[in-house]
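The values are calculated or read from the model by the stated rules, or taken from the named source; none is laboratory data. These numbers were taken from a predicted model, which means no experiment stands behind them. Please note: Cβ atoms are built from the backbone with ideal geometry, for glycine as well, and neighbour counts cover all protein chains shown. The area values use the complete protein model at the heavy-atom level, side chains included, leaving out ligands, DNA and RNA. Shrake-Rupley method; radii C 1.70, N 1.55, O 1.52, S 1.80 Å.
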Amino acid sequence: MKREHPGSGVLGGGDWYGGAVEGEGQEKGKAMMGVGAEDEDVDELLAALGYKVRSSDMADVAQKLEQAEMAMGNGIAASDDALLSHLAADTVHYNPSDISTWVDNILSELNAPPPPLPPPPPPPRFDDSSSLDRQNRLLELPLVTRRAPAEVYDPKPAPAPPAARATGRFAFGSDSQLDVAPSPRDSKRIKFCSSPPSSSSSTTDAATSAASPLPVVVVDPQEAGIRLVHALLACAEAVQQENLKASDTLVKQISVLAASQGGAMRKVAGYFAEALARRIYRRLPRGGAGSSFDSVAFDDMLHMHFYESCPYLKFAHFTANQAILEAFAGCRRVHVIDFGMRQGLQWPALLQALALRPGGPPSFRLTGIGPPQPDNSDALQEVGWKLAQLAETIRVDFHYRGFVATSLADLEPYMLLGQDTDDRVGADDVDEPEAVAVNSVLELHQLLARPGSLEKVLRTVRAVRPRIVTVVEQEANHNAGTFQERFTEALHYYSTMFDSLEGGAAAAAAADSAGGRDLTMSEVYLGRQICNVVAHEGADRTERHETLAQWRGRMTSAGFESAPIGSNAFKQASMLLALFAGGDGYRVEEREGCLTLGWHTRPLIAASAWRVAAG
C-alpha cells in the first residue's frame, strides 16, 4: 500500500528528490540519508530506505505494525465487497516516510465501522390470481439448464385447491383449470436477483429500481424432464376429457419444458407435442398420414433411411428369410408373396442364399404388392427389373410379378396364384407344386383400421396354402384401450425407440455425414408414426400396433399355428447386432418360438412364423 501527500513524487527513482522547492528537497535528502543535527538518533538502515524512524521509537512502531497486520487480516476475513470498495475509494494519501503516522492512519481506518450494506430485495408478492396464471408466469420465464451457485429464495408454496384430483404432480380442480403441486425442489429453483440501479438522478427512483426483483427460473434438467413427462400425460388426460382450455395450456408448457432437454428426450417430446397440437386444433394434413409430405415416394425414402440407421428392419428381413429358406428345403419350385414390396431390400439376400443351396438353386417366383404411386409410375416393375438382373448374374431362374393395390384386402387368391406361363420351367418340374411363402413386414397392423379387413386377408392367405407365413410387427399396444392408455404406451415405446437411435446410430452419424442424414430421416419416419397414433382416429389411424400375444390370438383364430423359428435365425440375428454400431444396447430374445429385438430390457419388434393348422 503506497500512500503519499499531495504534491510528493512516487517512491523510488530520482523523482523522489524532486520537491516543489529546491531547498525543501535538499533538506529531505539530508533527512533520508540520516544527515542533520535534529535527526542524529534516526535509524540509519531505515533512513537509507526512505523511512524516518527514531531508534527510540522502534518498539512502538513494531507494535503498531503488528496491530495493523491483525486488523487488516480480521477485516478482510470478516468484510465483504462493500468494505473493500470503501477502502479502495479513499483518495487521501500519506507520506510513508513518516511510518509511525502512516500506521496510525491505517489503524484508524480499519477500526472504523464499514458502511451499511444495501437492504436485500423484498420477496415476490403474488396476487390472488388463479394457480393456473401463477404457473404460466413461472413457465414463461427464461429457463437456465444448470444450477445457480448462489443462495436462492424459497417462497412458500401456495395451497392446492381443496376439490382438486391429483394426476401425478398435476391436478384438475372443479374449475377445469390446471394446478401444479409444488415440491420443495420446485421452490428452490426460483432465484430473485436485483436489477442494476437506474441511471436517473432521482434518489427515490434509484432506490425503487434497486429494490425491484428480476425473477429468473433456474430449472434442473433432470427435474424438468420429469415435469415434461407429467405434462405430456396430463395433456393426454385433458384431451380425453375434451378439456380444451387445460390441454391448450399444457401443450404450450410442454414446448417450454422440452427446450430444457437434450438428445432423444427433446426430440420425442417435440413430436408428441406436435401430434397433440394437431389433435387439439384439428390441424390435420390432407390424406390422414400424419405429415404434409403425404406421398408414397416420401414414405419409401424414409423407410430406406430407417433401414440404414438401425438394425430393426435388417433383423426382420434376415429372420424372415431364414424361416423361408428352411421351409423351402428340398423344393424345386418356390413362390414368395410379399405384402410390402417397397424397394425390395429383403430379397437379394434370399436370392444369394438360394443360389448357394446344395444341389443348385430352385426356380424362384416373386410376387410383390405395393400401393399406387402418386405420379402413376410403375415403381414395382423397376424393383423387379433390378432383382432380375441380380438373379441372372448368380444364375437363379427368376420370375417376377408386381401387383398395385390400395389395400391388401382387395387381393383375391386367384391373383396371387396365377400360373407363370414362362417356358423356362422344365418338363420335369411341371407336375411339382410350388412351395408358397407369404411374407408381411410391418404391414398387417394397418388392416385393423377397417373392421373385417384383416380377417379377409388371412382367409386369402389360407386359400393359397402356404408352407409358411412370416409376420413381423412392432411389439406395442397402440390399438386397444382409451386414448390416454394408447398415448402412455406410445410415449414409452417411442421414447425407447429414440433412445436406441441415439445410442446405436450415434457412432455411425459421427463417422460420416451419411449416417447423420440417416439418423435425422429415421426420426422423421418415427415422428410420422407418432402423429398418426396420437392425432388421428377412425380409418385414418392406421398405425394400430399390437403385441405378439395379441397377434398370436388373431392368427390362431384365423386357422394358423405357430411354426417355431429355429436356432439359426437366432444366431444370424446375434451376428447382425455384433456387426452393427452401438450393438451393445440391443437384445435378441426367444419367446415361445418367436424372436424379439429390443433396446436393453424393452422389446420393440417381434418376428414370428406360422403355418396352416392341420384339419
Subset of the range 380-407, residues surrounded by fewer than 21 Cβ atoms within 10 Å (Cβ to Cβ) and under 23 Å from residue 542 (Cα atoms), comes to 403, 404, 405, 406, 407
Which residues, counting only those in the range 380-403, are free of Cβ contacts under 8 Å to residues at least 40 places away in the same chain and either closer than 25 Å to residue 295 by Cα or touching a Gly at 6+ places or on another chain (Cβ under 6 Å) (or both)? 380, 381, 382, 385, 400, 401, 403
Residue 555: passes all of (1) modelled with pLDDT under 95; (2) in contact with a Phe, Trp or Tyr (Cβ under 7 Å, 6 or more places away or on another chain) but (1)
Kindly evaluate residue 257 against the criterion of being part of a helix (DSSP H, G or I), modelled with pLDDT under 90 and in contact with a strand residue (DSSP E or B) (Cβ under 9 Å, 6 or more places away or on another chain). yes
Would you point out the residue of the range 526-538, among those that are open to solvent by 20 Å² or more (accessible area, probe 1.4 Å) and part of a helix (DSSP H, G or I), that is modelled with the lowest pLDDT? 538
Can you name the residue in the range 539-563 that is closer than 24 Å to residue 463 by Cβ and not in a helix (DSSP H, G or I) and, of all such residues, is most open to solvent (accessible area, probe 1.4 Å)? 561
Quick check: is even one residue across the range 308-321 in contact with a helix residue (DSSP H, G or I) (Cβ under 7 Å, 6 or more places away or on another chain) and within 16 Å of residue 435 (Cβ to Cβ)? yes
Condition test on residue 593, is it modelled with pLDDT of 90 or more, on the phi > 0 side of the Ramachandran plot, under 36 Å from the mean Cα position of the chain (by Cα) and not aromatic (Phe, Trp, Tyr)? yes
Output the residue which, of all residues in the range 476-490 that are aliphatic (A, V, I, L, M) and open to solvent by less than 10 Å² (accessible area, probe 1.4 Å), is farthest from residue 415 (Cα to Cα). 490
Taking the range 564-583 and the residues there that are out of contact with any Pro (no Cβ under 7 Å at 6 or more places or on another chain), of a type in the set (A, V, I, L, M, F, W, C) and not in a helix (DSSP H, G or I), the one that is modelled with the highest pLDDT would be 565
Tally time: how many residues in the range 451-475 are open to solvent by 20 Å² or more (accessible area, probe 1.4 Å) and farther than 17 Å from residue 412 by Cβ? 3
For the range 347-361 the number of residues that are touching a Gly at 6+ places or on another chain (Cβ under 9 Å) and either in a loop (DSSP other than H, G, I, E, B) or basic (Lys, Arg) (or both) is 1
